[in-house]
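The values are calculated or read from the model by the stated rules, or taken from the named source; none is laboratory data. Source: prediction; values computed, not measured. Positions of Cβ are generated from backbone atoms using ideal geometry, with glycine treated the same way; all protein chains shown enter the neighbour counts.
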Amino acid sequence: MTAPNTPSISSGDARPLADDPRWQALLARDPEADGAFVYAVRTTGVYCRPTCPSRPARRENVSFHSNAAAAEAAGFRPCKRCRPEQAAPDRERAGKVAALCRYIEGADGVPTLDELARHVGWSPYHLQRTFKAATGITPRNYAAAHRAGRLQDALGQGTNVTDAVYAAGYGSSGRFYAESDAVLGMTPGRFRRGGEGVEIHYGVAPCSLGHVLVAQSERGVCAILLGDEPDALAQDLAQRFDAAELRPAEAGFQAVIDQVVAFVEQPQTGLDLPLDIRGTAFQRRVWEVLRQIPAGQTLSYTDVARRIGAPRSFRAVAQACAANAIACAIPCHRVVRSDGGLSGYRWGLERKRTLLQREAAAQAGDSDAD
């Protein structure tokens, strides 16, 4: 019989604790569980966040509830230490960063730091630091990437160059043309024609992962493709750059191929070659976060989504990883499921596993040397 004024363990949406993943999340104080549920303790009458630093109660005294309102309806009161009735700090920051991203995307031009700070009630310094920590880039760089994406979409739909430039938010055509090579990788007219006439040189070489195709435009390496058959890799390149002029590499290109092969074998050493990165604004945001993941470490798709200020877009993040044409240099192999499992590598899970194992071993070796 339940003691008077003591909440029942069967209150709310509590379920049996046996094999309940929420119990494991509670024991691990998993930050990803913060906001997904709260837990209550029958003997104290208090409910907490899964990340509460208090010592976990006995399993038989714990019940789970979907949110603070459900726990309080069951008769529990909020913990004074973790304040579960308030918004989770990380989620509140992520929500404000997401709101900033939407504000930037809806602006006619590039909002100033002061304007953005007023929008969310932060100081400019705090906003700059928090936005970059969450997304990997500054608000100005985010705005530039989004503006470039809008321009590319408009030109791809056949809009004339002048209209596309102003519709994308460039204040003047002069300002745009000063940035056009960095934004499009070619003249606007050529981009509008699908990249027609752009020359891409490529070559294929064997490596420990099978074969690697290296392609380079006048701006830099635009593709590093992995596979088993050279012909299949060449067909993949042709599909990705269907309007470009593809030319087999001449003898002088071998040095570039050799450098890329060495990098594929040891990604932690880095690649000292310019990259020609082409993609939508969203893809470029994702790829920029990927390039900041150190060798030997991983992020989940959800982690990446949070860093670009779109915490619910983890499926779109996975699609951006799959669209990546520059293997290893844009390390989509360092993105894993939230449980650490491997999934979704365009060039095969065995290659992904091998790359991660190599990087982990190299990092462990560096630690031993220290």
query: Which of the following residues is under 19 Å from the mean Cα position of the chain (by Cα) and buried (at least 17 other Cβ atoms within 10 Å of the Cβ): Tyr301, Tyr202?
result: Tyr301
- prompt: Since Ala322 meets every condition but one in (1) hydrophobic (A, V, I, L, M, F, W, C); (2) closer than 28 Å to Pro139 by Cβ; (3) buried (at least 19 other Cβ atoms within 10 Å of the Cβ), which condition does it not meet?
  reply: (3)
Checking Lys80 against (1) under 33 Å from the mean Cα position of the chain (by Cα); (2) without any contact (Cβ under 8 Å) to a residue 12 or more places away in the chain, the condition it does not meet: (1)
query: Which of the residues that make up the stretch 43-78 are surrounded by 22 or more Cβ atoms within 10 Å (Cβ to Cβ), in a loop (DSSP other than H, G, I, E, B) and in contact with a Cys (Cβ under 6 Å, 6 or more places away or on another chain)?
result: Arg49
query: Which condition number in (1) touching an Asp or Glu at 6+ places or on another chain (Cβ under 8 Å); (2) closer than 30 Å to Cys52 by Cβ; (3) surrounded by fewer than 17 Cβ atoms within 10 Å (Cβ to Cβ); (4) modelled with pLDDT of 85 or more is the one that Pro124 fails?
result: (2)
- request: Output the residues belonging to the stretch 294-309 that are outside any helix (DSSP H, G or I) and farther than 17 Å from Gly341 by Cβ.
  value: Pro294, Ala295, Gly296, Ile308, Gly309
task: Output yes when any residue across the stretch 337-352 is touching a residue at least 40 places away in the same chain (Cβ under 8 Å), out of contact with any Phe, Trp or Tyr (no Cβ under 7 Å at 6 or more places or on another chain) and assigned to a helix (DSSP H, G or I), and no when none is.
output: no
query: Which of the following residues is among the aliphatic types (A, V, I, L, M), without any contact (Cβ under 8 Å) to a residue 60 or more places away in the chain and out of contact with any strand residue (DSSP E or B) (no Cβ under 8 Å at 6 or more places or on another chain): Ala310, Ala320, Ala281, Ala295?
result: Ala320
